[in-house]
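Input: a single structure, listed below in structure tokens.
The values are calculated or read from the model by the stated rules, or taken from the named source; none is laboratory data. Predicted model, so just to flag it, every value in this text is computed and none were measured. Positions of Cβ are generated from backbone atoms using ideal geometry, with glycine treated the same way; all protein chains shown enter the neighbour counts. Side chains included, ligands, DNA and RNA excluded: accessible areas come from the protein's heavy atoms. Shrake-Rupley method; radii C 1.70, N 1.55, O 1.52, S 1.80 Å.
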There are 4 protein chains.
Amino acid sequence: MSWNTFGRVLRFTTWGESHGPALGAVVDGCPPGLALDEAAIQPFLDARRPGTSKFTTQRQEPDQVRILSGVFEGRTTGTPISLMIENVDQRSKDYSDVAKAYRPGHADYAYDAKYGFRDYRGGGRSSARETAARVAAGAVARLVIPEVAITAYVSEIGGDAIDRAAFDAEEIGRNPFFCPDAGAAKRWEKLVDDARLAGSSLGAVVECVATGVPAGWGAPIYAKLDADLAAAMMGINAVKGVEIGDGFAAAALRGEENADPMRPGANGSPEFLANHAGGIAGGISTGQPVVVRVAFKPTSSILIPQVTVTRDGEAAELMTKGRHDPCVGIRGAPVVEAMMALVLADHRMLHRAQCG
Amino acid sequence: MSWNTFGRVLRFTTWGESHGPALGAVVDGCPPGLALDEAAIQPFLDARRPGTSKFTTQRQEPDQVRILSGVFEGRTTGTPISLMIENVDQRSKDYSDVAKAYRPGHADYAYDAKYGFRDYRGGGRSSARETAARVAAGAVARLVIPEVAITAYVSEIGGDAIDRAAFDAEEIGRNPFFCPDAGAAKRWEKLVDDARLAGSSLGAVVECVATGVPAGWGAPIYAKLDADLAAAMMGINAVKGVEIGDGFAAAALRGEENADPMRPGANGSPEFLANHAGGIAGGISTGQPVVVRVAFKPTSSILIPQVTVTRDGEAAELMTKGRHDPCVGIRGAPVVEAMMALVLADHRMLHRAQCG
Amino acid sequence: MSWNTFGRVLRFTTWGESHGPALGAVVDGCPPGLALDEAAIQPFLDARRPGTSKFTTQRQEPDQVRILSGVFEGRTTGTPISLMIENVDQRSKDYSDVAKAYRPGHADYAYDAKYGFRDYRGGGRSSARETAARVAAGAVARLVIPEVAITAYVSEIGGDAIDRAAFDAEEIGRNPFFCPDAGAAKRWEKLVDDARLAGSSLGAVVECVATGVPAGWGAPIYAKLDADLAAAMMGINAVKGVEIGDGFAAAALRGEENADPMRPGANGSPEFLANHAGGIAGGISTGQPVVVRVAFKPTSSILIPQVTVTRDGEAAELMTKGRHDPCVGIRGAPVVEAMMALVLADHRMLHRAQCG
Amino acid sequence: MSWNTFGRVLRFTTWGESHGPALGAVVDGCPPGLALDEAAIQPFLDARRPGTSKFTTQRQEPDQVRILSGVFEGRTTGTPISLMIENVDQRSKDYSDVAKAYRPGHADYAYDAKYGFRDYRGGGRSSARETAARVAAGAVARLVIPEVAITAYVSEIGGDAIDRAAFDAEEIGRNPFFCPDAGAAKRWEKLVDDARLAGSSLGAVVECVATGVPAGWGAPIYAKLDADLAAAMMGINAVKGVEIGDGFAAAALRGEENADPMRPGANGSPEFLANHAGGIAGGISTGQPVVVRVAFKPTSSILIPQVTVTRDGEAAELMTKGRHDPCVGIRGAPVVEAMMALVLADHRMLHRAQCG
């Protein structure tokens, strides 16, 4: 099956292939009366845009978004918002080999096995280019949750992690890695460049923190806030793991270490003395920062020849041509932010429906 | 919002509280003509049943399932299958303290913040007792995917991991920990018992492997097989992390290390030479074993007093009474298996709808 | 496919067969804090209950509802509400002929063609007995829309319509036909009894009016209030037509006749001078009474022998035994009311999610 | 709420306003490998296109569809198909009065009451222009059900019905009314033209017949084939009533008159001797032609001045300017056909998922 809609009341549907004429998203259910124009979306697309440093793919895409519906006189009308981004810099001839053989680590074989047929140019629908549409939709979602601030950053590349003591939120926008630690950013320059020059690629970990989320969002038992976030993040291209709060580290803790004790807070709400839970308990937000951690595998497209098979079942050796990110996790940070915004906005509205 | 239905075409809806008269699941969309009776479900409930060893809660629940609809003359009719399990051994008086104060690490405060009101007895709806309904539903789902074999096991407790070299699938059913390594099982006896006697609790990691899944299941972009599995697993009580294949470890690999090369296979399909991807690429199964890893935090209910606040915002100290699992992850294994079955069965049907 | 859940945010799932042990509904998404017990539901079930006059089936079912979850200390908790009604008076032996041959006008053949197999006792899942579960769910939905009053009544039986000039809402509860016109009720006694004695059956029209619905409910373009009502009503057993407002009569009007002019109203809202639209424009409520009209075909089970075929494809003559309503539309009135309540409650919550 | 997606496994989402830059549909879930290009869609849009005779609105829209995704080398890939139609002939200045006052019979007031704000130009999202997107989506759906033939025609305008004895399917494409009776088409020329010249409008009834639908499609109890058709049709602009088979006429029949007797058929399936049921029993297709009848109210936009109120609550008199259809039901026929195709294609796929 093909299933390209995400969300329960605030929903978005994306469409488009890597080398088609355009891609886009239809955002449905957005509250009316919110100020929206292209300029409110573009900065988020620019953050994810390829070709801005040597650490990302050299494909040059302006990623200019166009709003085709749902906005009148600068405000959302409550009707579906159609967002379109034209593809400009396709080079489909790079993919002639890929038409015949399956790239290891890619979705080529899986798509063929499912649909019997695929648009092989740039990975077609399975390309990370689709995430541009999510980022555009995420910019709309942010308007729905003005009380929430969301920040994603890369906390680890190729096994080299940031120093938590050196964490500086201001730093995130100052380097090409969305890295909050200036020292790590410096190290990663060489790390990523070396991998790039070797025709290899690196994995990464992205963390995302949302502050200002009030207690009470989430829809147990089967649309828990953490479950919806897990689906949102695991569905991003190249993601292989998702943690909430302490995540896998919590599995090594004892109950008394993992508890988040409470004391009376200033405004009548409890004040938590720790946040092992990552701001979610029983699938519902607790009022603490919501913390998600996302593992990106190394980009599958590498210049190092790999053993594979052709569509006809013959043995082959394949070296991926085309232009690719040496570390796809870097540009994953804006996508993680967008998915966080989309899930939170949906749950804000869901909560209001039942309990508002 | 409350959202108690899971699945897209094979759907199930659960209901019931820890200390209510009963709990249950309605499984909808099951194909007709499958042989089904209570005896086909009961063994899976028995595996998850509490009170079977000193390493699990001492609450004594027979967990006898009753089929109330959807089966005629021993076969499914294609109409909704209603499954009910009566609660027998509630001891609601244990929960008087909990009515007034919030247990750290529990959903108590979050439920109150959301609904303004909660059934505090045994955690009400947020109790892990709800997972009995999932296990019953999962037993039905298994009938839908006869070609698939699913095995879950505990791979780590309290930071102490199994030895992969000692892996023995036969061992899983021979110890009270669903542990595939006899040596680890031996060590865990003392580990878990010590934690229990200290009034503490331990976290755990559960792994689940599904073999026999053909290539082609999954519904990109927003119902990818891995994304649906992530939601299914993260929604289990006490889960804080989910990995597919190499998961977070993949973030430290280079592209050439993480690739799963292919060579021509016996039956015309490619034979993979590695399975870093955990059997899923681009959100679609590849025909390799589907591998999921799930992190359970330590049980939040411990006998060690904890600092907290009351419903009225006063400071309090709380020691959870009631009967609890010293390591909730152990009984998580049958639940992980059930969710794996439910997701795979749903995707088998989804795939057939579009491509069958 | 089997699809037994209705609604978008206030959802209910029903289960159960005519001759199974029980039937029920799980209502999910209900706001917390509403006063609810069995006594709040039972009167609505009593109104629909069979066996109360000679004008309905003689099957004796107490239809006592039991609440199994979602209510604590007399109030809804916001978690799923499980409602169960046990079947008491099944007489499955009446259905031996039906196991072999298809009753004309019934779903027997269609179910067999779909599922290859069916529970033939009393129609199994296709029995109108399933509507008891809807009526129970509808009683919960009414609590969600306290500002709305819903009244359904039978306006026509066997082609004999009420006199609009004689309309008296008080009369509806005073006769066994939910008839608002005492004169018509008198005529229908003989009409229905004659049909019953002849072993025949009659069709009917049910009207339903909801007052107090504020302007603004409905979710265009594909969950319009009138579209959701149409689905809700057309899905009731034996229904073959649905009209909103003037319905088919509007097709014979000119634009100026069909318009609902407005003038300034007392409270700042427009006052409408007509209601041809039945309280819905563009799929959104206008603040006027919502008016729906529903056509029920005559009961298909009649004592007059009918020409049909057996499961094996042989010609046969069949006379339906068992106990049946001579006019299924009569007991349709409480079901229409319930579905109106369920749709309106869902849309009240949907509206609040986006615009509340 | 805004809800712009229709369907369960074959889903489509529409977007766009009457006077925005474009409108479109995203069709998701379409099987792969079907031959598709713009030329396969355009004839259906041309049939619905405005400005082709004096009996429809004079707005000139070429309604050229463009496929932006989901098709590769002339075949569907199984990924979302994005269809876009640019608006060319907007004349927004015609709507200055409408910005201030509510047109009786239109959705103006309801949209304002819901969203507090609306795009008043040409009715914005509530314009029947949105149905172009459905017709484009419907053309894709037809590819999914090659075994089915669908024909819609106008059976009544302004109360003047066709003569069933004169029914000639060939005639439907020969007159501007989709009328199967040459005599009626002749009469309607004068009828519609007189209404147009008087600045008035007329209602209409559209019938739609689908042949070739096998027995077994439909998803009881809450996605019955007839219920989904009812929602699909009632959601079309200006529709106020929907009937399946005999519809409201069945309410005046006796059981023995309404039964559809069966006898052994040629291919082992029963042969029905009547089709009062309109091809659907118990919400499942029976193998007979599926017959739906749809009532369209007269166009609300008329040149005759009407009493209304302004946004500020003042009394006003309004004469709708702009260009409008004198009988919106005429161009409704291709839309009814499209919705029939979309519902049937969805149910074909749903059926295969569970029973295929």
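Exactly one residue out of B:S269, B:S200 is touching a helix residue (DSSP H, G or I) at 6+ places or on another chain (Cβ under 6 Å) and either at positive phi or surrounded by fewer than 24 Cβ atoms within 10 Å (Cβ to Cβ) (or both): that is B:S200. If you go through region B:179-188 one residue at a time, do you hit one that is more than 14 Å from chain A (Cβ to nearest Cβ), in a helix (DSSP H, G or I) and either under 15 Å from B:V343 (Cβ atoms) or among the polar types (S, T, N, Q) (or both)? There is no residue in region B:179-188 that is more than 14 Å from chain A (Cβ to nearest Cβ), in a helix (DSSP H, G or I) and either under 15 Å from B:V343 (Cβ atoms) or among the polar types (S, T, N, Q) (or both).
Can we say B:R121 is over 29 Å from B:V343 (Cα atoms), open to solvent by 20 Å² or more (accessible area, probe 1.4 Å), free of Cβ contacts under 8 Å to residues at least 60 places away in the same chain and of a type in the set (K, R)? When the stated conditions are applied, B:R121 does not pass them. Has region C:164-173 got at least one residue that is part of a helix (DSSP H, G or I), open to solvent by 20 Å² or more (accessible area, probe 1.4 Å), more than 14 Å from every other protein chain (Cβ to nearest Cβ) and at pLDDT below 95? Checked against the condition, which is being part of a helix (DSSP H, G or I), open to solvent by 20 Å² or more (accessible area, probe 1.4 Å), more than 14 Å from every other protein chain (Cβ to nearest Cβ) and at pLDDT below 95, region C:164-173 yields at least one hit. Going through (1) closer than 30 Å to A:T14 by Cβ; (2) touching a helix residue (DSSP H, G or I) at 6+ places or on another chain (Cβ under 9 Å); (3) within 12 Å of another protein chain (Cβ to nearest Cβ) one by one, D:A101 falls short only on (1). Of the residues contained in region D:111-129, one or more are found to be more than 21 Å from D:V294 (Cβ to Cβ), among the basic types (K, R) and in contact with a strand residue (DSSP E or B) (Cβ under 6 Å, 6 or more places away or on another chain). For first residues located in region D:237-258 and farther than 30 Å from D:R125 by Cα and within 7 Å of chain C (Cβ to nearest Cβ), partners that are assigned to a loop (DSSP other than H, G, I, E, B) and open to solvent by 40 Å² or more (accessible area, probe 1.4 Å) and lie 6+ apart or on another chain with Cβ distances below 6 Å form the pairs D:G245/D:H276; D:D246/D:H276; D:A252/C:G159; D:E256/C:I304; D:N258/D:H276. Of note, C:G268 satisfies the criterion of being facing another protein chain (nearest Cβ under 7 Å) and assigned to a loop (DSSP other than H, G, I, E, B).
The lone criterion from (1) surrounded by fewer than 24 Cβ atoms within 10 Å (Cβ to Cβ); (2) in contact with a Pro (Cβ under 9 Å, 6 or more places away or on another chain); (3) assigned to a strand (DSSP E or B); (4) touching a residue at least 60 places away in the same chain (Cβ under 8 Å) left unmet by D:G287 is number (3). Checked against (1) out of contact with any His (no Cβ under 8 Å at 6 or more places or on another chain); (2) under 23 Å from B:G78 (Cα atoms); (3) of a type outside the set (S, T, Y), D:G282 meets all criteria but (1).
Going by the conditions given, is A:A232 touching a residue at least 12 places away in the same chain (Cβ under 8 Å), more than 7 Å from chain B (Cβ to nearest Cβ) and in a helix (DSSP H, G or I)? Yes: the conditions hold for A:A232. Could you tell me how many of the residues in region D:124-138 are farther than 18 Å from D:D63 by Cβ and open to solvent by 20 Å² or more (accessible area, probe 1.4 Å)? Within region D:124-138, residues that are farther than 18 Å from D:D63 by Cβ and open to solvent by 20 Å² or more (accessible area, probe 1.4 Å) number 1.
Can you give me the number of residues within region D:111-122 that are assigned to a helix (DSSP H, G or I) and either out of contact with any helix residue (DSSP H, G or I) (no Cβ under 8 Å at 6 or more places or on another chain) or more than 8 Å from chain C (Cβ to nearest Cβ) (or both)?
First, the residues of region D:111-122 that are assigned to a helix (DSSP H, G or I): D:111-115, D:121-122.
Keeping just the survivors that are either out of contact with any helix residue (DSSP H, G or I) (no Cβ under 8 Å at 6 or more places or on another chain) or more than 8 Å from chain C (Cβ to nearest Cβ) (or both) gives D:112-113, D:121-122.
Total satisfying the criteria: 4.
Within region B:207-227, track down each residue that is facing another protein chain (nearest Cβ under 9 Å) and either of a type in the set (V, I, T) or part of a strand (DSSP E or B) (or both). B:A219, B:I221, B:A223, listed by residue number. Scanning region A:300-328 for residues that are facing chain B (nearest Cβ under 7 Å), in a loop (DSSP other than H, G, I, E, B) and crowded, with 22+ Cβ neighbours inside 10 Å gives A:S300, A:I302.
Restricting attention to region A:78-98 and to residues that are free of Cβ contacts under 8 Å to residues at least 60 places away in the same chain and out of contact with any strand residue (DSSP E or B) (no Cβ under 7 Å at 6 or more places or on another chain), the residue that is farthest from the other protein chains (Cβ to nearest Cβ) turns out to be A:D89. When the residues of region D:139-163 are filtered to those that are in contact with a strand residue (DSSP E or B) (Cβ under 9 Å, 6 or more places away or on another chain) and part of a helix (DSSP H, G or I), the one that is surrounded by the fewest Cβ atoms within 10 Å (Cβ to Cβ) is D:L143.
Residues are listed down the side, and each one gets a yes or a no for (1) part of a loop (DSSP other than H, G, I, E, B); (2) surrounded by fewer than 20 Cβ atoms within 10 Å (Cβ to Cβ); (3) at the interface with another protein chain (Cβ under 7 Å from one of its Cβ atoms); (4) in contact (Cβ under 8 Å) with a residue 24 or more places away in the chain:
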residue: C:M1; (1), (2), (3), (4): yes, no, yes, no
residue: C:S18; (1), (2), (3), (4): yes, no, no, yes
residue: C:G24; (1), (2), (3), (4): no, no, yes, yes
residue: C:A40; (1), (2), (3), (4): no, yes, no, yes
residue: C:L45; (1), (2), (3), (4): no, no, no, yes
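Filtered by the rule that a residue be open to solvent by less than 10 Å² (accessible area, probe 1.4 Å) and at pLDDT 95 or above, region D:82-106 gives D:S82, D:L83, D:I85. One residue stands out among those in region B:290-299 that are open to solvent by less than 40 Å² (accessible area, probe 1.4 Å) and of a type outside the set (F, W, Y): the one that is nearest to A:M1 (Cα to Cα), which is B:V290. Here D:G105 does not qualify as more than 22 Å from D:A132 (Cα to Cα) and either in contact (Cβ under 8 Å) with a residue 60 or more places away in the chain or outside any helix (DSSP H, G or I) (or both). Residues of region B:216-259 that are of a type in the set (A, V, I, L, M), open to solvent by 10 Å² or more (accessible area, probe 1.4 Å) and farther than 30 Å from A:W188 by Cα: B:A231, B:A238. Looking across region B:49-66, the residues that are farther than 18 Å from B:A185 by Cα and in contact with a helix residue (DSSP H, G or I) (Cβ under 6 Å, 6 or more places away or on another chain) come down to B:D63, B:V65. Within region C:279-293, the set of residues being under 23 Å from D:A252 (Cα atoms) and at the interface with chain D (Cβ under 9 Å from one of its Cβ atoms) comprises just one member, C:R293.
Can you name the residue in region A:47-70 that is open to solvent by 10 Å² or more (accessible area, probe 1.4 Å) and charged (D, E, K, R) and, of all such residues, is nearest to A:D119 (Cα to Cα)? Only one residue fits best here, namely A:R59.
Listed by first and then second residue, the pairs linking a residue in region C:186-204 that is touching a residue at least 24 places away in the same chain (Cβ under 8 Å) to a residue that is part of a helix (DSSP H, G or I) and β-branched (V, I, T), with Cβ atoms under 7 Å apart and 6 or more places separating them unless they lie on different chains, are C:L202/C:V192.
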